[in-house]
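Undergrad: Handing you a structure now.
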Amino acid sequence: MLGPRTEGAQPVTREDFDRVMHVNVLGPMMVLPLVLPYVETGHGGHGGVLAVLSSRMGSIGSMDSNGSWLYRVSKAGVNAALKSVALDARHATCVALHPGWVQTDMGGKGADITPQQSVKGLRQVLAGVKHRDNGSFFNHDGTPIPW
Ligand SMILES: NC(=O)c1ccc[n+]([C@@H]2O[C@H](COP(=O)([O-])OP(=O)(O)OC[C@H]3O[C@@H](n4cnc5c(N)ncnc54)[C@H](OP(=O)(O)O)[C@@H]3O)[C@@H](O)[C@H]2O)c1
């Protein structure tokens with residue numbers, strides 16, 4: 001959920017904060033710990049891949065603009081949640097993914113890539129990750145993104 005399309009760091013209402021943070025952060029924090037045990041034993045006991053659909057807008061390390069800052073904060077939050085889950089993983093590979101700027105309701109018609117192009121890339125990333133990638137953040141083309 002994108003929430004308010006703001007420019008600059010403007011005051012956030014409690015209502016917007018609760019709505020966006022509940023969907024983007026609380027939801028994953030409720031679900032990820034429950035899903036991890038199944039992913040740990042997946043792939044014939046070698047561990048599967050657990051990914052959250054995050055956004056480059058949640059990257060603090062590469063932040064160079066501050067539009068829609070509530071969304072950015074929520075994605076930084078879910079990234080921290082993913083990283084925490086990755087520290088619990090023994091066999092599973094837990095990653096955060098940026099799908100690109102995609103032509104969806106959120107991305108709009110002027111976005112860079114189609115959902116098909118995004119998903120094709122994301123599937124390749126998911127198929128290619130190794131356990132040493134546990135706790136990493138990847139773009140849809142497989143390049144790493146700083147936290
Ligand atoms: N599009 C982009 O350029 C882009 C870029 C970076 C990251 N992302 C991320 O990619 C993911 C998918 O985004 P998208 O572009 O497909 O967005 P979207 O077109 O806005 O679709 C969002 C989806 O989330 C569902 N949703 C929203 N609130 C929900 C709730 N409370 N409970 C259950 N489902 C809910 C919506 O369901 P309804 O249709 O029923 O409302 C909709 O299917 C998101 O995590 C987004 O942050 C997207």
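Undergrad: Could you give the dipole magnitude of region 14-139 about its Cα centre, charging the beta-carbon of Lys and Arg +1 and that of Asp and Glu -1, in debye to the nearest 20?
TA: Taking the Cα centre of region 14-139 as origin, the dipole is about 260 debye.
Undergrad: Name the lysines eligible as straight-distance cross-link partners of K83: C-alpha to C-alpha under 29 Å, and not fewer than 8 places from it in the same chain.
TA: K75, K120, K130
Undergrad: Modelling each spin label as a point 7 Å along the Cα-to-Cβ direction, I'd like the D105/I60 distance in nm, to one decimal.
TA: 3.1
Undergrad: Sticking with this one: Using a Gaussian network model of the chain whose springs link C-alpha atoms within less than 10 Å, name the residue from K75, K120, K83 with the highest mean-square fluctuation.
TA: Of the options given, K120 has the highest mean-square fluctuation.
Undergrad: Taking only the C-alpha atoms, wrap a convex hull around region 88-142 and report its volume per residue in Å³ as a whole number.
TA: Spelled out: Cα convex hull of region 88-142, divided by residues, is 74 Å³.
Undergrad: Something else: Output the relative contact order of region 14-139, whole-number percent, from Cα pairs under 8 angstrom with separation of 6+ residues.
TA: Relative contact order comes out at 26 percent.
Undergrad: What residues from region 87-131 fall in the zone where the backbone N is under 19 Å from a label point 7 Å along the Cα-to-C-beta line of H46?
TA: 89-95, 123-131
Undergrad: In the Gaussian network model of the chain, springs joining C-alpha atoms below 10 Å, which of A127, A92, A81 carries the largest mean-square fluctuation?
TA: A127
Undergrad: Compute a Gaussian network model of the chain, connecting alpha carbons closer than 10 Å, and tell me which residue from S84, S65, S54 fluctuates the most.
TA: Comparing S84, S65, S54 in a Gaussian network model of the chain, the most mobile one is S65.
Undergrad: Cα atoms only, the chain: Rg and Dmax in Å?
TA: When restricted to the Cα atoms of the chain, Rg and Dmax are 15.5, 49 Å.
Undergrad: A follow-up question, please. Taking R0 as 25 Å, what FRET efficiency do you get between H131 and V23 from their Cβ-Cβ distance, rounded to the nearest 0.05?
TA: Numbers: r = 30 Å, r/R0 = 1.20.
For H131 and V23, the calculated efficiency is 0.25.
Only the coordinates and a few stated rules stand behind these numbers; no lab work does. Computed from a predicted model, the values in this text were never measured in an experiment. Here the Cβ is made from the backbone with ideal geometry for all residues, glycine too, and neighbour counts use every protein chain on show.
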